[in-house]
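J.: Attaching a single structure in structure tokens format; questions to follow.
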Amino acid sequence: MDKAKVLQAATAAAIKAGNLIKSKRLSGDFSLSFKSGVDPVTSADIESEKLIIDQLATIMPGTLILAEESSPTISTSDMLKPLWIIDPIDGTTNYAYNIPYCAVCIAYAERGEIQVGVVHAPFLNETYTAVRGQGAQLNGHTLIPRQTTELKMALVATGFKGLRQGTAREIAQLEAIMKNCRDIRRFGAASLDICAVASGRIDGYYETIKPWDFAAAALVASESGARVGSLIDYDAATGIPRELVGQEFFVASAGVYDKLRALLQVPD
């Protein structure tokens, strides 16, 4: 696997898909429906995902795919094989409501380890890229997280479950942040929140999310020097590779990672 070629292909596909969803949003040429409850999907999601899959198939035909809309499930054994992980629009609610904070995400993994990640935000004209062992960039510029070591200066982002599905633990976590940290933000696109830690815009982010939400961005964050993990201890018995576990996903700049993780580990 030539990582440079994989990055080139993933970046080209993400930008092409970004142009598509941007055009659809600006013209209003898309439809909105719901997969379950208030979990939205647009026709632009479907078209974007197909475009990406078709593009990637030209360079690595037959590679397994984990994608939010067309193939959202995969066996734990297949997670160890060469794998594309795709989110055609991360932040679909934002997209549907004409909020520009959304992104196209493409990651490539082997043996359960993320090798290449691309997060492209078409409305913000920002493209985050990372190759394992080679650092992370935003529009070609090296990313460096914030260097704060004090919780009181930490700006933290998160996301919430669907309507009226919040838990007492989530509320307790919010209270802990409000009492001990600089402030809290809720932007609505996990991948961009994770990349915001990498770029030094915020200091931490936590939420239970899916692999397509975080895979590409997690590599961007770890390659920038931020720390990526979970609020819960890794359980190898699940068979899910450590880097593809989204349960209570957590990322923070190195200086506050341990302190913030401890703060957020409130009881159920």
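The values are calculated or read from the model by the stated rules, or taken from the named source; none is laboratory data. Note that the coordinates shown come from a computational prediction; the quantities given were computed from them, not determined experimentally. Don't worry about glycine lacking a Cβ; one is built from the backbone with ideal geometry, like all the others, and counts go over all protein chains shown.
J.: Residue check: is GLU170 in contact (Cβ under 8 Å) with a residue 40 or more places away in the chain, under 30 Å from SER71 (Cβ atoms) and acidic (Asp, Glu)? Steps first, answer last, please.
T.: Working: in contact (Cβ under 8 Å) with a residue 40 or more places away in the chain: no; under 30 Å from SER71 (Cβ atoms): yes; acidic (Asp, Glu): yes.
It is false that GLU170 is in contact (Cβ under 8 Å) with a residue 40 or more places away in the chain, under 30 Å from SER71 (Cβ atoms) and acidic (Asp, Glu).
J.: Tell me yes or no: at least one residue of the range 10-21 is at pLDDT 95 or above, touching a Ser or Thr at 6+ places or on another chain (Cβ under 8 Å) and of a type in the set (Ser, Thr, Tyr).
T.: For the range 10-21, residues at pLDDT 95 or above, touching a Ser or Thr at 6+ places or on another chain (Cβ under 8 Å) and of a type in the set (Ser, Thr, Tyr): present.
J.: Just need a number here: residues in the range 214-239 that are touching a Gly at 6+ places or on another chain (Cβ under 8 Å) and not acidic (Asp, Glu).
T.: Total satisfying the criteria: 8.
J.: Restricting to the range 137-187, what's the tally of residues that are closer than 25 Å to THR127 by Cα and assigned to a strand (DSSP E or B)?
T.: Summing the residues that are closer than 25 Å to THR127 by Cα and assigned to a strand (DSSP E or B) in the range 137-187 gives 10.
J.: Could you say whether any residue in the range 105-122 is surrounded by fewer than 20 Cβ atoms within 10 Å (Cβ to Cβ), in a loop (DSSP other than H, G, I, E, B) and at pLDDT 95 or above?
T.: Yes, the conditions are met somewhere in the range 105-122.
J.: Oh, and also: For a quick check of your reading of the model, give me the residue pairs whose first member lies in the range 41-62 and is over 10 Å from TRP84 (Cβ atoms), whose second is in a loop (DSSP other than H, G, I, E, B) and at pLDDT 95 or above, with beta-carbon atoms closer than 8 Å and at least 6 apart or on different chains.
T.: What qualifies is THR42/PHE30; THR42/SER31; SER43/PHE30; SER43/SER31; ALA44/PHE30.
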